[in-house]
Amino acid sequence: TIEEVEEIPLDEVAEKVNYAFFVERKLESLLWVFYENSPFRAICDAYSGEILPWDFSRKPNGFWKGRGGYIHTREALKWFCQKKGITNSERCRTITLKDFEDNGLGGMIQERFNSSPYLAMTAVFPTLKPWEAHRTPSGYFDSRKHCAEAITSFLMSHEKMPLDDLTPEETYDQGLRLFVTKEKLADFGLRGLVARYGGKVYDLFYDFFPGQILPWTLNSKRVWRDSPREIAALAVQWLFERYLNLPYEQIPIYATNRTFWNVGFSGIMTNRRIGFNSSPYAAVDNAYPGKFSPSDFANGRVTCAAVEKDFCKHRKI
């Protein structure tokens, strides 16, 4: 009837073949005897595997409810993931509510998952984290515990240690300045968390790890804006006294450009507002005014190779 008499294309069957279609063609008795008066069941039977239940704009009452609804949901999600090529939790980040609605699963996600793509995908990937979905559930980052968990997960995704029990020096060794950026946090799914801090990554990390984060731990221009030379002095003092743990009298020996570059202080050395112009003496004199003379930096300094070796010994890397 559908194909030979009415010549309805396959992609229009779910839309056009309804109860009235059977009545008008004197097939209501067939529908009653074999399919409990359900055009839906009749079409799914006749086109098994070709037309799916979610191809219909209207499903039978209770289709997504109860144990039967659970089975239907499981089948629908399996089909949906196959169609969208979702083979792991990383692919879930691209899935939106509209994707479900466009594929006839709007009723399912509303009924079974409170219209949350994240909850729907956890049925397939139980270990999926809220920030790994296209949109983190509303209010999730109201909890500081959730925020800290998300930040730690971001760090571990870059093979770094949680910061909670680290010293400032151990934290600096993690090299956060090399990868902790607003863009990478957003790519990881933490755009909403960063937005709570006005897009200021330094403020976010300092809020959660005030004992670990120093003004120079991350790449942040804002913390240098008001008193750059004062902060540079603190940074250089910290570098030699705390990070490298060098005796005071040996500072001129090891204060080479190679050392500053190795520890990630090249920005301090070249920043025009600070004004060191890549001069190790200027950087040290700013931190220790009048304690050393230019001649201390002229002779008897170790070679670059020795600086590199001694640097690695001090930091155990």
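When a/c reaches 1.5 or more, the comparison of a/b and b/c decides; with that in mind, is segment 196-240 rounded, prolate or oblate per its Cα gyration tensor?
Numbers: a/c = 3.01, a/b = 1.52, b/c = 1.98.
Note, shape of segment 196-240 comes out oblate.
Shape verdict for segment 166-293, please, from the Cα gyration tensor: rounded (a/c under 1.5), prolate (a/b greater than b/c) or oblate.
On the way: a/c = 2.38, a/b = 1.93, b/c = 1.24.
Because a/c hits 1.5 or more and a/b exceeds b/c, segment 166-293 counts as prolate.
Probing with 1.4 Å while keeping every protein chain in the model, the per residue accessible area of segment 1-79 equals 69 Å². Applying D = kT/(6 pi eta Rh) to segment 125-221, where Rh is the Kirkwood radius over alpha-carbon pairs, T corresponds to 37 °C and eta to 0.692 mPa s, the Stokes-Einstein value obtained is 240 µm²/s. With bins 5 Å wide beginning at 0, the percent of Cα pairs of segment 160-209 falling in each bin runs 4, 20, 28, 27, 16, 5.
The relative contact order of the chain comes to 9 percent, based on Cα pairs under 8 Å that sit 6 or more residues apart. Checked against a 29 Å cut-off, the cross-linked pairs 145/184; 16/98; 160/182; 83/160; 83/182 give Cα-Cα distances beyond that limit for 83/160; 83/182. Say R0 is 22 Å: what FRET efficiency, to the nearest 0.05, do residue 119 and residue 58 get from their beta-carbon distance? Efficiency, from the Cβ-Cβ distance: 0.40. Taking all protein chains into account, the per residue accessible area for segment 202-248 stands at 49 Å² (1.4 Å probe). Within the set (1) 32.0, 108; (2) 21.5, 79; (3) 20.6, 69, the number that Rg and Dmax of the Cα atoms in Å takes when calculated for this structure is listed as (1).
Here residue 1 and residue 110 are evaluated by their C-beta separation; at R0 = 41 Å the FRET efficiency comes out at 0.75. One equal scatterer on each Cα of segment 208-281, no solvent, Debye formula: the resulting log10 I(q)/I(0) at q = 0.14 Å⁻¹ is -0.44. Ligands, DNA and RNA left out, the 1.4 Å accessible surface of segment 93-211 is 49% carbon and sulfur atoms. Note on segment 1-112: Rg/Rh from Cα positions, Kirkwood definition for Rh, rounded to two decimals, is 1.02. Partner aspartates and glutamates whose Cα lies under 18 Å from the Cα of residue 26, excluding those fewer than 8 positions away in the same chain, are identified as 3, 4, 6, 7, 36. Each peptide in 187-193, 287-293 gets a packing score, the mean of other Cβ atoms within 10 Å over its residues, and the list from highest to lowest is 187-193, 287-293. Look at the Cα gyration tensor of segment 43-191: its axes a ≥ b ≥ c give a/c of at least 1.5 with a/b over b/c, and that counts as prolate. Taking the average, over residues, of other Cβ atoms within 10 Å as the packing measure, peptides 107-117, 4-14 rank 107-117, 4-14 from highest down. Accessible surface for segment 133-184, divided over its residues, is 57 Å² per residue with a 1.4 Å probe. If you average the alpha carbon positions of segment 140-191 and of segment 206-239, how far apart do those two centres end up, in angstrom? The distance from the Cα centre of segment 140-191 to that of segment 206-239 comes to 17 Å. The packing ranking, built from the mean of other Cβ atoms within 10 Å per residue, places the peptides 201-213, 23-35 in the order 201-213, 23-35, highest first.
The values are calculated or read from the model by the stated rules, or taken from the named source; none is laboratory data. Everything quoted here is computed from the prediction, not taken from an experiment. Counting neighbours? That spans all protein chains shown, and the Cβs are built from the backbone with ideal geometry, glycine included. Surface accessibility is based on the protein's heavy atoms, side chains included, excluding ligands, DNA and RNA. Shrake-Rupley method; radii C 1.70, N 1.55, O 1.52, S 1.80 Å.
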